[in-house]
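Single-structure report; data block below.
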Amino acid sequence: MKRYGLGLVFVWTAVILISLAWNIQQVRKTIRRLAVKEARTHFRKDLAIRFWATAHGGVYVPSNERTPPNPHLAGLPERDIKTPLGRSLTLMNPAYMLRQMMDEYSELYGVKGRITSLKPFRAENGPDPWEKSALEAFDRGTREVFEFVNIGDKPYLRLIQPMVTEEGCLKCHGEQGYRVGDIRGGVGVSVPMSSYLIHERKEINQLAVSHALIFLTGMGGIFLGFRKLNFYFAQRILAEEKSEHAARRMEHLLFSLPVCIAVIDYETRRILDVNPQALALFGCSQDQLIGKICTDHICPATENNCPIIDYKLTLDQSEREIITHDGSRVPVLKTGIITEIDGKKVILECFIDITDKNLAEKELIEKEKLQVVLEVAGGVCHEFNQPLQVISGYCELLLNDKSLDRNAESFIRIIGDEASRMAALTKNLTNLTQYETKPYLGSKIADITGNSGEEDPKEG
Ligand code: HEC
C-alpha cells in the first residue's frame, strides 16, 4: 500500500516535471522563433532598401561631412555632380547607404546591422570570425546562419544571410571579378535578446507556478485517495478477520463435537471430508479415508441401497455399522442429510459409536431375565417349604412310634434327612434371591448350596 502510494507520488512528480520541462522548452523555442522572425524582418527591410538603391544604380544625396563622397567610387565618372543651383551631390552606393542607416538608426530599435564580405572593398567591412565562418558556409550553399551569443555582456541573436551578385551590382563590383549569382557577401543583424529573455523568464515563472499548483492539487488528491483506500482496506481486513474468526470458531465447534462427521459426495459416493472424531473411530489417517467409496467404510450393508441416494430420502436416521481400518465392525447410530457445501451436493453423515450402549442394554435384559428366574425360584421355594415341613413333622411323629421295625425306622430317617436337605436347599435358594448377585453371562448354573462346590457329594 505504502509502496503504491510512493510509486504514485513518484509518477506524478515525474509527469509534472516532464510537463514543466516540455513547456519551458516550448516557451524557449517560441521566444527564439519570434527573435529570429524579428531579425529576418529587419533583414528583409534592409534587402528591400538595397534592391531599391541598386535598381537606381545608387542614389545621389547632398554631400557634406556626414556623407562624404565614397572614396571607393572614385573610379566612377559621375560620382560627384552639381545641381543647376550649385549644390553638390554625391553618389551613395547601396552598401554605403545601408551602413549609414545601420550606424545612425540602430539606436532606434536596438537592432544592429552590418554588411560584410570575404573580399571587402572597404577594409572596415572585413568579417569577424563568426561572420567569416558564416560567409564560408554560404559559399557551400547555406542560405542563413544564426546564433544566440553574448556581445559584451548582453545576449543577442545574430543572423546573417548572403548577398547574391545581380546584374545591377556589376556596375561597381564587376571589376572585382564577380559574376551574377556569386555570393558577394552578407548582411548581418544582431537582435538584442534581453526583452525577449525577460518575457521568457515571466512565462517560465508562470509555468512554474501553475505546475506547482497542479502538482500540489494532485498530491492532495493522492493523499486523500490513499487515506480513503487505507481506511477501506483496514475496514476490509477487519471484516475478514471477523469472518475468519467466526469460521475458525465454527470449525473448532464442529471438530470438538463428540460426534463423528463425514461428508460424502452425492454424485460419486466418495468421502470428501471427515472430522478427527471419525478418524479416531475408524482408526486411520485422513489420507486413508478421503476419496474412498462410502459403503466400503460407512454402512456397508447399503451398497447401492443407500436410503438417500438410491431411495431419495432427504433424511436417514438408523443404526448401522462402520468398518474400521482393521476390518472390525462397530455399531453406530447414524443420521444422514442432504446439503450443499461450496455449491456441491453432499450428504452430511453424523454418527456415534453405540457399542457400549448395546452392551448395557444386553446386560439389562440379562439382568431382568435372571430377576424373573430368581423371583420364580423364590416363589417355588416358598411353596416347597410347607410340604417339606409337613414331611419333616410326620417323619418325627413316626420316629417317636416305638413299634416300628428297624428297617422302617431307617427309611423314615432317610426321608427326614432328605427333606431337611431339601429345606436347606430351598433356604439357600431363597437367600440367593435376596442379595444382588452379579449376573453371569454365558451358561452357568447358580450355586444354591451356599458352599460353592465344597459340599460333599451325597452317596446313593
Ligand atoms: C554604385 C556602386 C555600387 C553598386 C550598384 C553596388 N555596390 Fe556594393 N559596394 C560599393 C562600394 C563602393 C562598396 C564599398 C564599401 C562601402 O561603401 O561601404 C560596396 C560594398 C559592398 C559590400 C560590403 C563589403 C565590401 O566589399 O566592402 C557588399 C557585400 C556589397 N557592396 C554588395 C553589393 C551587391 C550584392 C550589390 C548588388 C545588389 C551591390 N553591392 C551594388 C558600390 C556598389
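The values are calculated or read from the model by the stated rules, or taken from the named source; none is laboratory data. None of the values given here were measured: they were computed from a predicted structure. Cβ sites come from the backbone with ideal geometry, for glycine too, and all protein chains shown count toward neighbours.
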Any chance HIS42 is outside any loop (DSSP other than H, G, I, E, B), surrounded by 15 or more Cβ atoms within 10 Å (Cβ to Cβ) and either modelled with pLDDT of 90 or more or more than 14 Å from the ligand (Cβ to nearest atom) (or both): yes
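Let's see how each residue does on (1) assigned to a helix (DSSP H, G or I); (2) surrounded by fewer than 11 Cβ atoms within 10 Å (Cβ to Cβ); (3) in the same structural domain as ASN150 (by TED's automatic domain parsing); (4) at pLDDT below 95:
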{"residue": "ALA208", "(1), (2), (3), (4)": "yes, no, no, no"}
{"residue": "GLY221", "(1), (2), (3), (4)": "yes, no, no, yes"}
{"residue": "LYS228", "(1), (2), (3), (4)": "yes, yes, no, yes"}
{"residue": "ALA247", "(1), (2), (3), (4)": "yes, yes, no, yes"}
Quick one: which residue in GLY181, GLY174 is within 16 Å of the ligand (Cβ to nearest atom) and on the phi > 0 side of the Ramachandran plot? GLY181
Taking GLU65 as the residue in question, decide whether it is loosely packed, with under 11 Cβ neighbours inside 10 Å and acidic (Asp, Glu). yes
For the range 113-147, name all the residues that are surrounded by 16 or more Cβ atoms within 10 Å (Cβ to Cβ) and more than 8 Å from the ligand (Cβ to nearest atom). GLY113, ARG114, LEU118, PRO127, GLU131, ALA134, LEU135, ALA137, PHE138, GLU144, VAL145, PHE146
Determine, yes or no, whether ILE322 is within 57 Å of the chain's Cα centre (by Cα), buried (at least 16 other Cβ atoms within 10 Å of the Cβ) and not in a strand (DSSP E or B). no
Can you report the number of residues in the range 105-138 which are acidic (Asp, Glu), modelled with pLDDT of 90 or more and not in a loop (DSSP other than H, G, I, E, B)? 2
Inspect the range 96-105 for any residue being surrounded by fewer than 18 Cβ atoms within 10 Å (Cβ to Cβ), hydroxyl-bearing (Ser, Thr, Tyr), assigned by TED's automatic domain parsing to the domain that holds GLY174 and away from the ligand (no atom under 11 Å from the Cβ) and give the result as yes or no. yes
